[in-house]
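Okay, structure first, notes after.
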Amino acid sequence: MEKVLSITSEELHRKMNSGEDILILDVRNETDYNDWKIEGKKVRSMNIPYFNFLEEDEQVYAGLPKDTEIVVVCAKGGASDYVAEMLMEKGYKTWSLKGGMLAWSQFYVPTTVYRDEKLKIIQINRLAKGCLSYAVISEGKGMIIDPNQKVDVYLDLAKQHHFKIEHVVDSHLHADHISGGLQLAEQTGATYYISSGEVKDTNLKFEPLDRHNRIRVGEIDVEVLAIPTPGHTPGSTSFLINNRFLMSGDTIFVGGLGRPDLGGKAKEWAMDLYDTVFNKLSNLPDDCLVLPAHYADIQEINDNGIVGATLGEIRGNNEIMRNADKESFTEQVAGAVSMEKPPNFEEIVAINRGELQVDAEKAIELEIGPNRCAVHHHG
């Protein structure tokens with residue numbers, strides 16, 4: 001019997017980007033598929049649960065194309081091997097995604113956003129989670145913003161781009177993914193920064209962001225927006241470089257604003273968010289590029305593979321950014337809040353506060369699922 005061909009997350013991503021005609025056949029149950037799946041702008045995706053193939057009903061093959069490569073996906077790679085093999089025997093061109101959605105959740109894609117002789121900015125996109133982190137590099141020195149838990153990604157990046165990681169910052173206490181901040185700082189000897197308001201009453205070893213107006217990286221000053229930019233969480237902080245790049249954490253997204261409800265104080269935090277948008281950030285120029293910590297929709301990735309938009313575009317496209325009436329802004333933001341909290345967010349917050357330790361396998365499992373930190377405001 002022919003052995004089924006497996007494909008890694010990296011190879012799948014390459015195929016998705018090359019414009020090849022592929023179909024993703026997801027064999028998990030319908031609920032899991034609807035909740036979280038592999039997405040791409042030009043990717044076709046179908047859901048036929050694994051059990052349908054076991055029933056040997058020929059109808060199950062009716063909608064599957066013979067002339068297109070089919071990549072079969074399941075939770076961890078076992079069921080997809082089995083289905084891919086069945087399909088191969090029937091003459092379909094099939095691959096099985098190695099490690100399934102579990103492996104896809106651990107896949108990161110770095111893209112250079114900007115470079116000149118003094119500064120390089122790299123955006124690291126964790127596609128399955130919609131999580132974005134950043135490397136700011138100057139003169140062989142680097143700062144990592146909002147690193148996710150797979151710290152090897154950042155260590156490899158430092159080797160590849162020849163810089164030493166000196167600063168590691170979290171823009172806020174994350175609720176949807178486990179931060180790699182402290183671990184990365186420990187492994188590289190870098191300083192770990194977070195706003196003290198985010199981690200009070202913990203034993204975390206950190207440098208309070210609130211004590212720094214700017215952090216020097218090589219020849220570049222990264223301005224720490226001195227008054228924290230609350231709204232998403234009370235101590236959310238944004239980072240500004242040369243008035244041209246704003247790493248906005250979860251305060252401003254390409255398609256909206258941070259959700260202010262995770263602390264159960266939607267109304268008060270929405271008022272903070274108003275203050276942030278209309279007072280603190282209002283003097284930034286329209287051509288300042290906003291680089292957020294998350295995105296909510298695959299369409300937010302532009303043709304260069306980057307999630308980012310100028311403040312001018314965001315202000316123009318977002319009705320909520322033009323709603324200068326404090327009362328109705330607050331109502332609108334608090335009202336747009338989704339009732340759906342990020343999965344396992346209490347445990348993830350406890351890990352990020354240093355109150356809960358879990359092994360690597362449990363950490364990966366806790367994070368599985370989509371990002372739910374962005375709120376869509378359709379204007």
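The values are calculated or read from the model by the stated rules, or taken from the named source; none is laboratory data. Remember, it's a predicted structure, so these values are computed and weren't measured experimentally. All Cβ positions, even for glycine, are placed from backbone atoms using ideal geometry, and neighbour counts span all protein chains on display. Only protein heavy atoms, including side chains, enter the accessible area calculation; ligands, DNA and RNA are left aside. Shrake-Rupley method; radii C 1.70, N 1.55, O 1.52, S 1.80 Å.
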Out of (1) crowded, with 16+ Cβ neighbours inside 10 Å; (2) modelled with pLDDT under 95; (3) of a type in the set (Val, Ile, Thr), the one VAL73 does not meet is (2)
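State which residue is farthest from the chain's Cα centre (by Cα) when the search covers only segment 4-28 and only residues that are part of a loop (DSSP other than H, G, I, E, B) and modelled with pLDDT under 95. Outline the logic, then answer.
Just the residues of segment 4-28 that are part of a loop (DSSP other than H, G, I, E, B), to begin with: 4-5, 8, 18-21, 27-28.
Right, trim to modelled with pLDDT under 95 and you get 4-5, 18-21.
Numbers: VAL4: 32, LEU5: 29, SER18: 22, GLY19: 23, GLU20: 25, ASP21: 26 Å.
Step by step, filter segment 4-28, then rank; the result is VAL4.
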Is there any pair linking a residue in segment 117-141 that is outside the structural domain of HIS162 (by TED's automatic domain parsing) and in contact (Cβ under 8 Å) with a residue 12 or more places away in the chain to one that is open to solvent by less than 10 Å² (accessible area, probe 1.4 Å) and among the hydrophobic types (A, V, I, L, M, F, W, C), with Cβ under 8 Å and at least six apart or on different chains, and which? none
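Would you say GLU117 is open to solvent by 30 Å² or more (accessible area, probe 1.4 Å) and in a strand (DSSP E or B)? Lay out the reasoning, then the answer.
On the way: open to solvent by 30 Å² or more (accessible area, probe 1.4 Å): yes; in a strand (DSSP E or B): no.
No: the conditions fail for GLU117.
May I ask you to list the residues in segment 9-32 that are closer than 21 Å to GLY369 by Cβ and surrounded by fewer than 19 Cβ atoms within 10 Å (Cβ to Cβ)? Quick ask: steps written out before the conclusion?
Step one: list which residues in segment 9-32 are closer than 21 Å to GLY369 by Cβ, which gives 9, 12-13, 16, 24-32.
Selection gives HIS13, ASN29, GLU30, THR31, ASP32.
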Scan of segment 139-180 for residues that are surrounded by 22 or more Cβ atoms within 10 Å (Cβ to Cβ) and in a strand (DSSP E or B), ordered by number: GLY142, MET143, ILE144, ILE145, ASN148, ILE165, HIS167, VAL168, VAL169, SER179
Test ARG353 against the stated conditions and say whether it is among the charged types (D, E, K, R) and at pLDDT 65 or above. yes
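Could you tell me how many of the residues in segment 82-104 are assigned to a helix (DSSP H, G or I), under 28 Å from the mean Cα position of the chain (by Cα) and surrounded by fewer than 22 Cβ atoms within 10 Å (Cβ to Cβ)? Spell out how you get there, then give the answer.
Going through segment 82-104, the residues assigned to a helix (DSSP H, G or I) turn out to be 82-89, 100-104.
Remaining after also requiring under 28 Å from the mean Cα position of the chain (by Cα): 100-104.
Filter again for surrounded by fewer than 22 Cβ atoms within 10 Å (Cβ to Cβ), leaving 102-103.
Total meeting the criteria: 2.
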Where the second residue is surrounded by 15 or more Cβ atoms within 10 Å (Cβ to Cβ) and of a type in the set (Ser, Thr, Tyr) and the first is touching a residue at least 12 places away in the same chain (Cβ under 8 Å) and lies in segment 8-32, which pairs have Cβ atoms under 7 Å and are six or more apart or on separate chains? ILE24/SER45; ASP26/TYR33; ASP26/SER45; VAL27/TYR50; VAL27/SER80
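Are any of the residues in segment 39-61 among the polar types (S, T, N, Q), in a loop (DSSP other than H, G, I, E, B) and under 28 Å from LYS129 (Cα atoms)? Please lay out each step first, then the result.
Initial filter on segment 39-61 (among the polar types (S, T, N, Q)): 45, 47, 52, 59.
Applying the additional criterion that residues be in a loop (DSSP other than H, G, I, E, B) yields none.
Checked segment 39-61: no residue is among the polar types (S, T, N, Q), in a loop (DSSP other than H, G, I, E, B) and under 28 Å from LYS129 (Cα atoms).
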